[in-house]
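This report refers to the structure that appears directly beneath it.
No lab work stands behind these numbers, since they all come straight from the coordinates. Remember, it's a predicted structure, so these values are computed and weren't measured experimentally. Cβ atoms come from the backbone with ideal geometry, glycine included; neighbour counts cover every protein chain shown.
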Amino acid sequence: MIPTLDAADHVPLVLDALAPAREFGLLRDVIVVDGGSADGTVSLARARGARVLQA
C-alpha cells in the first residue's frame, strides 16, 4: 500500500521499481491510496497497473 498526495513526480518511479517483483509473482497487488491529488498522480498510478483508492 502506497499513500500519495500530489506525487506525480515520484509515483511512476516507485511503481516502475516494483514492476519486476510483480512480473515474478513476488508481489500480487499494488494499492495506491491517494489523499486528493490534483497533479495527475491517480491517472499515472492507474496507467502503471496499480489499484487506486481515493480518500
(message) Quick check: the angle from helix 11-23's long axis to the longest principal axis of the chain, C-alpha only, nearest 10 degrees?
(response) 20 degrees
(request) Tell me which residues come under 5 Å, amide H to amide H, from I2 once H is placed; ignore anything under 5 positions away on its chain. (result) I31, V32, V33
(request) Filter the trypsin sites (Lys or Arg not before Pro) in the chain down to the DSSP loop ones having no more than 10 other Cβ atoms within 10 Å, then list what survives. (result) R28
(message) Can you give me the distance in nm between label points at F24 and L53, each placed 7 Å from the Cα along the Cα-to-Cβ direction?
(response) 2.8 nm
(request) Taking amide H positions as placed in the peptide plane 1.01 Å from N, state which residues far from D39 in sequence (5 or more) or on other chains have amide H under 5 Å from it. (result) D6
(request) List the relative contact order of the chain as a percent without decimals, with contacts defined as Cα pairs under 8 Å and 6+ residues apart. (result) 45 percent
